[in-house]
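**Q** Sending over a structure as structure tokens; questions will come in a sec.
Just so it is clear, none of the values below were taken in a lab; they were calculated from the coordinates. Computed from a predicted structure; not experimentally measured. Heads up, the Cβs are rebuilt from the backbone with ideal geometry, glycines too, and the neighbour counts pull from every protein chain shown.
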Amino acid sequence: MQNWKKGLDWRSFLIDLLEMSLQRVLGLKKMVDSRWQNSHTYCLWQMTLRQRRNPYAILRMQDTMAQELALANKQLLMVRQAALHQLFEKEHRQYQQELNQMGKAFYVERL
């Protein structure tokens with residue numbers, strides 16, 4: 001009887017140990033599942049945040065490009081106006097020289 005009791009105690013000890021190990025494993029599995037779920041949620045949140053942020057970045061970039069184009073067009077207009085002004089001055093001097101060679105001049109009103 002004594003041996004049977006000792007065997008029963010040994011078996012119950014092993015069963016208790018296995019139950020504790022199983023509970024520990026289940027606790028670890030629950031913790032891992034929870035952390036995975038949190039990481040997954042965070043990743044989804046980051047993806048949606050990036051998707052929402054990109055259209056705003058595109059709009060800002062388009063606005064910046066439109067401003068740069070407007071400034072470039074304004075600068076190009078100024079450069080072209082200056083080039084035309086120089087061309088007109090050059091032509092005026094040329095006509096003045098031709099008129100001087102013919103003994104004529106432009107009429108200039110003096111105040």
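**Q** Could you check the simple spin-label distance between MET20 and ALA66, using points 7 Å along Cα→Cβ, in nm with one decimal?
**A** My value for the distance between the label points is 7.2 nm.
**Q** Suppose the chain between LEU87 and ARG11 were pulled fully straight at 0.36 nm per residue; how much longer would it get relative to their current alpha carbon spacing?
**A** Length gained, LEU87 through ARG11: 16.3 nm.
**Q** Then there's this: Most mobile of GLN75, GLN23, GLN62 per a Gaussian network model of the chain (Cα springs, under 10 Å)?
**A** Result for the chain, Cα springs under 10 Å: GLN23 fluctuates most.
**Q** Further question: Most fluctuating residue of GLN97, GLN37, GLN51 in a GNM of the chain with Cα springs under 10 Å: which is it?
**A** Of GLN97, GLN37, GLN51, the Gaussian network model singles out GLN97 as fluctuating most.
**Q** Moving on. Can you work out the Karplus-derived ³J(HN,Hα) for every residue in region 84-91? Use 6.51 cos²θ - 1.76 cosθ + 1.60 with θ = phi - 60°, whole Hz, and x for glycine or proline.
**A** Working through the residues one at a time gives 5, 4, 4, 4, 5, 5, 4, 5 Hz.
**Q** Right, next: Taking only Cα atoms and a 10 Å spring cutoff, compute GNM fluctuations for the chain and point out the largest among ASN100, ASN73, ASN54.
**A** Highest fluctuation among the options: ASN100.
**Q** Can you give the calculated 222 nm mean residue ellipticity of the chain, where each DSSP H run of n ≥ 4 adds -39,500 (n - 2.57) and the sum is split over every residue, rounded to the nearest 500 deg cm²/dmol? The partial results should precede the final answer.
**A** Values: 1 runs with 100 residues, N = 111.
The per-residue figure over the chain is -34500 deg cm²/dmol.
**Q** Per-residue HN-Hα couplings for region 19-34, Karplus 6.51 cos²θ - 1.76 cosθ + 1.60 at θ = phi - 60°, whole Hz, x for Gly and Pro?
**A** Karplus values, whole Hz, x for Gly and Pro: 5, 5, 5, 5, 4, 5, 5, 5, x, 5, 4, 4, 5, 5, 4, 5.
**Q** For region 39-54, what does the Karplus curve 6.51 cos²θ - 1.76 cosθ + 1.60, with θ = phi - 60°, yield as ³J(HN,Hα) per residue in whole Hz, taken in order and with x for Gly and Pro?
**A** Each residue of region 39-54 in turn: 5, 4, 4, 5, 5, 4, 4, 4, 5, 5, 5, 5, 5, 6, 6, 4 Hz.
**Q** Of the labelled options (i) 67; (ii) 84; (iii) 77, which one gives percent of Cα pairs over 15 Å apart as computed for this structure?
**A** Answer by label: (ii).
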